[in-house]
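Have a look at the structure below before the remarks.
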Amino acid sequence: AALLLLTPAAAFEYVAPVLVAAASLVLLAQRRITAAAVGMGGEHSMPLRFAVFAVAIYGGYFGAAGGILMLAVLGAMLELPLIRVNAVKNVVAGLSNGVAALGFAVFGPVRWAAVLPLAAGFLAGGWLGPSLVRRLPGEALRVVVVVCGLAVAVKLGYDAYH
């Protein structure tokens, strides 16, 4: 939250497409990252724990790509199916976003009229998302997330740089 509140809005607009594309490509390369992480000690690895912390900070700055990055980092750390890693990601992202939201509520300009619709969307997505994810094979889910992430990056890039 502090990072977003202290940097100019234009910086966010220019960096957002790059962040979304990079996060999508990290998820695409997750198998290679996982293979490299095996020698690091998995969930007990300090570099990977730092990566989770860094992505949580980043998620408070830019939530959408933060979820993709967190999925990739946790996937490298945890020897679980993607569906279970996604559940862990949702808990960590919820905590990260909660801390950032508290920071915005206390220190930032908040449009309180938008809070209720956003909260309703968050709750609906949190309720519907897991049931949808459970029905998709892990690799299909990865491809869908990567393709959607790259499409969003292209759209944001076009808007920002055009």
Notebook entry, point to check: Between residues in the stretch 100-115 that are open to solvent by 100 Å² or more (accessible area, probe 1.4 Å) and residues that are part of a helix (DSSP H, G or I) and of a type in the set (Phe, Trp, Tyr), which pairs lie under 6 Å by C-beta distance while being six or more apart or on different chains?
Noted result: none
Margin query: Quick check on the stretch 1-59: of everything there that is among the β-branched types (Val, Ile, Thr) and modelled with pLDDT of 85 or more, which residue is surrounded by the fewest Cβ atoms within 10 Å (Cβ to Cβ)?
Written below: Thr7
Notebook entry, point to check: Considering the stretch 66-77 alone, what residues qualify as being of a type in the set (A, V, I, L, M) and either open to solvent by less than 30 Å² (accessible area, probe 1.4 Å) or under 20 Å from Arg135 (Cβ atoms) (or both)?
Noted result: Ile68, Met70, Leu71, Ala72, Val73, Leu74, Ala76, Met77
Note to self: Condition first: in contact with a Leu (Cβ under 9 Å, 6 or more places away or on another chain) and at pLDDT 85 or above. Can you find one or more residues in the stretch 132-144 that meet it?
What the structure shows: yes
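The values are calculated or read from the model by the stated rules, or taken from the named source; none is laboratory data. A quick note: this is a predicted structure, and the numbers were derived from the prediction, not measured. In this analysis, Cβ positions are derived from the backbone assuming ideal geometry, glycine residues included, and neighbour counts consider all displayed protein chains. Only protein heavy atoms, including side chains, enter the accessible area calculation; ligands, DNA and RNA are left aside. Shrake-Rupley method; radii C 1.70, N 1.55, O 1.52, S 1.80 Å.
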